[in-house]
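Right, one structure below, let's go through it.
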Amino acid sequence: MKRDSDISHGGGRVAAPARIMTGWKPEHSELWGQHPVCINHALPETGLFSDDVLAGLIESYPRQHYDFLHMGEQGVHKKLWSEGEIGGADGKTVLDAIKQGRLWLNLRRVHEVDSRYADLMGNMFAELEKLVPNFSTYKHNFGILVSSPKAQVYYHADIPGQSLWQVRGEKRVYVYPNYAPFLAEKDMERVILGEIEEDIPYEPWFDDYAQVVTLKPGEMLNWPLNAPHRVENLDCVNVSVTTEHWTDEIRNMYAIRYANGVLRSRLGVTPPKPFTHGPAFWAKAALAAGVKKSGLLKRFRYDREVTWTLDPKASSKMAPLAETYHR
Ligand SMILES: [Fe+2]
């Protein structure tokens, strides 16, 4: 591929692809954010996702910015997440454990930890903002997911705009409509209020209405705001990138749902469907801002308990922590 720029980092320089969205078609400009779309991209060619590079990144990754999870077998949809920590393991040991276990490592906010990924993310959003009309984004987030063969991510809905970029391995992604019965308004409100993590009720028959994509290296998937999804890795290690973004429209939807959630759960009111215009919207946006600022709802934030540490010798790759802790 033709390369026309370099990303600098420390002593090394990594070639950046001339173009990231290599498979963009004119219709993608209209479909983006409205309908699930699968588009080719050049992230595998950046050199930023090899085992060597990832091992170096993992070794020094700040504890507060990663999640390390073990989950149940595919086909069982009852959520069986347990949360662990890398402990003192080096990066190669962590990658080997992921190859052999049923684990999911989520490096969050990579753009804040390593400038190479900040530069890459900046290029990705700059390209997208040129390709999608009126797409003006902020509060970006760049995460790297390294996950085991046959790992799974349970049915959930994320709050910001989101895309999934496959770099290595293959995964099957199920994307569902972002409205009831797949996503009840009251459940999205509870996710926004932090009363439940991203988990929402799931029924196996929902799959009959899902868009199912087997994502291969060099393909990315974008879906409408809050569209529920779940993921099953094929029988291979997966390296994927998640990007998140906010727009004014997403921020307004967040505010109205926050206010609706407060009205529904604290006052027993059944609010109308969310809308993001007119005086009633601004009244609700003010209510949401006031409640957030007051800190009244802080105690409802979901709390996660870390129960195990990486043990490369164990078949499960986990050893229970003598003292668990919350984060
Ligand atoms: Fe997600």
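The values are calculated or read from the model by the stated rules, or taken from the named source; none is laboratory data. Small disclaimer: the values here were computed from a predicted structure and weren't measured. A quick note on method: Cβ atoms are made from the backbone with ideal geometry, for glycine too, and the neighbour counts reach across all protein chains shown.
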- Query: Would you call Glu219 modelled with pLDDT of 90 or more and over 24 Å from Leu105 (Cβ atoms)?
  - Reply: no
Away from the ligand (no atom under 16 Å from the Cβ), within 16 Å of Leu57 (Cα to Cα) and either crowded, with 20+ Cβ neighbours inside 10 Å or polar (S, T, N, Q) (or both), is that true of Asp90?
no
Subset of the stretch 118-154, residues of a type in the set (S, T, N, Q) and more than 14 Å from the ligand (Cβ to nearest atom), comes to Asn123, Asn134, Ser136, Thr137, Ser148
Taking first residues from the stretch 138-159 that are closer than 27 Å to Leu128 by Cβ and second residues anywhere that are of a type in the set (Phe, Trp, Tyr) and part of a loop (DSSP other than H, G, I, E, B), the pairs with Cβ under 7 Å that are 6 or more apart or on different chains are Tyr155/Tyr202
Over the stretch 192-209, the set of residues assigned to a helix (DSSP H, G or I) and out of contact with any Gly (no Cβ under 9 Å at 6 or more places or on another chain) is Pro204, Trp205, Phe206, Asp207, Asp208, Tyr209
Pairing a residue in the stretch 194-214 that is closer than 13 Å to Pro36 by Cβ with any residue that is of a type in the set (S, T, N, Q), where Cβ atoms lie under 7 Å and the two sit 6 or more apart in sequence or on different chains, gives none
Restricted to the stretch 155-169 and to residues being small (Gly, Ala, Ser) and either more than 9 Å from the chain's Cα centre (by Cα) or not assigned by TED's automatic domain parsing to the domain that holds Glu129 (or both), the residue farthest from the ligand (Cβ to nearest atom) is Gly169
Residue pairs qualifying under the 6 Å Cβ cut-off, at least six apart or on distinct chains, with the first in the stretch 35-61 being more than 21 Å from Trp223 (Cα to Cα) and the second being modelled with pLDDT under 95 and crowded, with 20+ Cβ neighbours inside 10 Å, are Glu45/Pro17
Among residues of the stretch 187-196 being within 16 Å of the ligand (Cβ to nearest atom) and among the aliphatic types (A, V, I, L, M), the residue farthest from Leu225 (Cα to Cα) is Ile196
Selection from the stretch 222-239 of residues farther than 23 Å from Phe182 by Cβ and not acidic (Asp, Glu) yields Leu234, Cys236, Val237, Asn238, Val239
Going through the stretch 51-86 in order, the residues found to be in a loop (DSSP other than H, G, I, E, B) and either closer than 17 Å to Val110 by Cβ or basic (Lys, Arg) (or both) are Ser60, Tyr61, Pro62, Lys78, Lys79, Ile86
When the stretch 110-136 is checked residue by residue, the ones that are outside any helix (DSSP H, G or I) and either surrounded by 15 or more Cβ atoms within 10 Å (Cβ to Cβ) or at negative phi (or both) are Asp114, Val132, Pro133, Phe135, Ser136
Among residues of the stretch 170-186 being within 15 Å of the ligand (Cβ to nearest atom) and among the charged types (D, E, K, R), the residue farthest from Ile200 (Cα to Cα) is Lys171
Selection from the stretch 95-109 of residues surrounded by fewer than 21 Cβ atoms within 10 Å (Cβ to Cβ) and in a strand (DSSP E or B) yields Asn106
Restricted to the stretch 178-191 and to residues being in a helix (DSSP H, G or I) and either over 17 Å from the mean Cα position of the chain (by Cα) or outside the structural domain of His229 (by TED's automatic domain parsing) (or both), the residue farthest from Arg304 (Cα to Cα) is Glu185
Looking across the stretch 244-275 at residues that are buried (at least 18 other Cβ atoms within 10 Å of the Cβ) and among the polar types (S, T, N, Q), the single one that is nearest to the ligand (Cβ to nearest atom) is Thr247
For the stretch 219-243, the count of residues that are of a type in the set (Asp, Glu) and either outside any strand (DSSP E or B) or within 12 Å of the ligand (Cβ to nearest atom) (or both) equals 1
